[in-house]
Structure formats: C-alpha cells, structure tokens
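Asker: Structure incoming, see below.
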Amino acid sequence: MEVQFTEESVKFPQKNFEYLDHTADVQLHAWGTSLKEAFEQCGMAMFGYMTSLEYVQIRHCYQIEASGDDLEGLLFHFLDELLFLFSCEPYLICSSLDITKFDLDNFTIECKCYGEPFEIGKHPQGTEVKAITYSAMQIVQKPEENKYELFVIIDI
C-alpha cells in the first residue's frame with residue numbers, strides 16, 4: 001500500500017550491516033542497539049545486495065505488514081515481504097526503512113519503505129535475491145554491548 005510522506009519524515013540510518021561468505025549463497029549480518037533497528041538494518045542489507053543504495057532516491061513510500069509465530073518467523077516474513085515489494089510492481093528498491101509497529105507479544109511488524117522503482121541503467125545491478133531462508137538464522141542479544149545481531153542466509 002502506497003502512503004503519503006514528506007522528505008523530512010524519512011530517516012537515513014547509518015549502515016550497520018555486512019555480507020558474509022557462504023557456500024553458493026550469502027549471509028546478511030546486521031546489528032543495532034535495539035531489535036527493531038537490527039531488523040531495519042537487515043532489510044537494508046538485502047536491498048544493498050541488489051544495488052548500490054546511494055543511487056536510490058526517495059520517490060515513493062509503501063507500507064508493509066508482516067507477522068510470524070515466533071521471532072525467527074517474524075524476521076523471515078519481514079524480509080520476505082520486502083523481497084515481494086521488490087519482485088513485483090512497482091519493483092521498489094528502498095534506501096530507508098522505518099518500522100512503525102514492532103509488536104513482540106503478537107510477533108507483528110508494520111514498516112514504511114522509502115525508495116523508488118528499480119531501473120536498469122540508473123541503479124547498478126547487484127545480485128538477484130531469490131528467497132529468504134531459515135538456514136542458520138540467528139538472532140543474538142548482547143546485553144553487555146547493548147547490541148542485537150541478526151544473521152540471515154539469502155538464496156541468490
């Protein structure tokens with residue numbers, strides 16, 4: 001669902017993610033000072049693997065919803081909804097994500113996704129993400145460092 005927004009309302013978080021080698025696939029490693037931030041960063045890592053995010057302008061805002069039976073299921077379905085947004089009209093590639101509802105009691109998320117349709121020629125072509133996997137998925141809390149880390153293997 002496309003929603004209205006102003007450019008002033010869009011946040012651009014710092015890049016808190018990296019890519020780890022994995023046999024035939026890639027592992028996203030994202031982190032944040034909150035679980036919500038780590039989820040946002042994981043979504044940005046996936047989009048960043050598909051194109052260089054500095055080329056993505058904010059022209060549209062879509063809202064997605066995701067739910068799961070547990071935390072891992074919530075992460076899986078969140079990333080899967082983002083991938084769906086990219087895979088069908090309008091082929092949205094995002095340069096900013098803002099989770100506006102993060103309900104850990106019911107395992108639901110609502111997220112505003114800011115970006116524009118992917119265009120070959122304008123956006124450098126990265127690697128196509130075919131699917132999200134549960135394989136070796138980890139959600140790690142490090143209270144001594146005030147940090148949450150996520151590890152997700154994506155099928156490329």
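Every number here is computed from the coordinates shown, using simple stated rules; none is lab data. Quick caveat: nothing in here was measured; it's all calculated off a predicted structure. Glycine also receives a Cβ, built like all others from the backbone with ideal geometry; neighbour counts cover every protein chain displayed.
Asker: Is it possible to state the helix-based mean residue ellipticity at 222 nm for the chain, with each DSSP H run of 4+ residues giving -39500 (n - 2.57), the sum divided by total residues, to the nearest 500 deg cm²/dmol? What is it?
Answerer: So the calculated ellipticity at 222 nm is -7000 deg cm²/dmol.
Asker: Using Stokes-Einstein with the Kirkwood hydrodynamic radius over Cα pairs, what translational diffusion coefficient do you get for the stretch 29-106 at 20 °C and a viscosity of 1.002 mPa s, in µm²/s rounded to a whole number?
Answerer: The calculation lands on 164 µm²/s.
Asker: From the backbone phi of the stretch 139-153, what are the Karplus-calculated ³J(HN,Hα) couplings (6.51 cos²θ - 1.76 cosθ + 1.60, θ = phi - 60°) in whole Hz, Gly and Pro given as x?
Answerer: Per-residue couplings from phi come out as 10, 10, 9, 10, x, 5, 9, 6, 9, 10, 10, 10, 10, 9, 8 Hz.
Asker: While we're here: Can you give me the distance in nm between label points at Asp69 and Thr108, each placed 7 Å from the Cα along the Cα-to-Cβ direction?
Answerer: 1.9
Asker: Also: Identify which of Pro143, Pro124, Pro90 has the largest mean-square fluctuation in a Gaussian network model of the chain, with springs joining Cα atoms closer than 10 Å.
Answerer: Pro143
Asker: Turning to a different aspect of this structure: HN-Hα J couplings of the stretch 90-107 from phi, Karplus 6.51/-1.76/1.60, θ = phi - 60°, integer Hz, Gly and Pro as x?
Answerer: Once θ is set to phi - 60°, the couplings for the stretch 90-107 become x, 6, 6, 10, 9, 10, 7, 10, 9, 6, 9, 9, 9, 9, 7, 6, 10, 6 Hz.
Asker: Over the chain, what is the mean sequence separation of C-alpha contacts under 8 Å (at least six apart), divided by residue count, expressed as relative contact order in percent?
Answerer: After rounding, I find 29 percent.
Asker: Compute the Cα gyration tensor for the stretch 115-156, then decide on rounded, prolate or oblate, letting a ≥ b ≥ c be the square roots of its eigenvalues: rounded whenever a/c is under 1.5, prolate when a/b is larger than b/c in the other cases, and oblate in all that remain.
Answerer: It is oblate, given that a/c is not under 1.5 and a/b is not larger than b/c.
Asker: Moving to a separate point now. Going by amide H atoms built from the backbone, whose H comes under 5 Å of the H on His123, apart from near neighbours?
Answerer: Excluding prolines and chain starts, which carry no amide H, there are no hits.
Asker: Using Cα springs under 10 Å in a Gaussian network model of the chain, which residue among Asp69, Asp80, Asp98 shows the largest mean-square fluctuation?
Answerer: Per the Cα network of the chain with a 10 Å cutoff, Asp69 tops the list.
Asker: Could you work out the equivalent-ellipsoid semi-axes for the stretch 44-151, taking the square root of 5 times each eigenvalue of the Cα gyration tensor, largest first, in whole Å?
Answerer: Here the semi-axes work out to 25, 15, 14 Å.
Asker: May I pose another question? Taking springs between alpha-carbon atoms closer than 10 angstrom, which of Glu119, Glu89, Glu144 fluctuates most in the Gaussian network model of the chain?
Answerer: Greatest mean-square fluctuation among the candidates belongs to Glu144.
Asker: Using r as the Cβ-Cβ distance of Gln4 and Gln125, and R0 as 30 Å, what FRET efficiency do you calculate, to the nearest 0.05?
Answerer: That gives a FRET efficiency of 0.50.
Asker: Going 7 Å from the Cα of Lys101 in the Cα-to-Cβ direction, what parts of the stretch 23-65 have a backbone nitrogen less than 13 Å from that spot?
Answerer: 63-65
Asker: Computed over the Cα atoms, what is the radius of gyration of the stretch 12-66 divided by 2.2 N^0.38 Å, N being its residue count?
Answerer: 1.22
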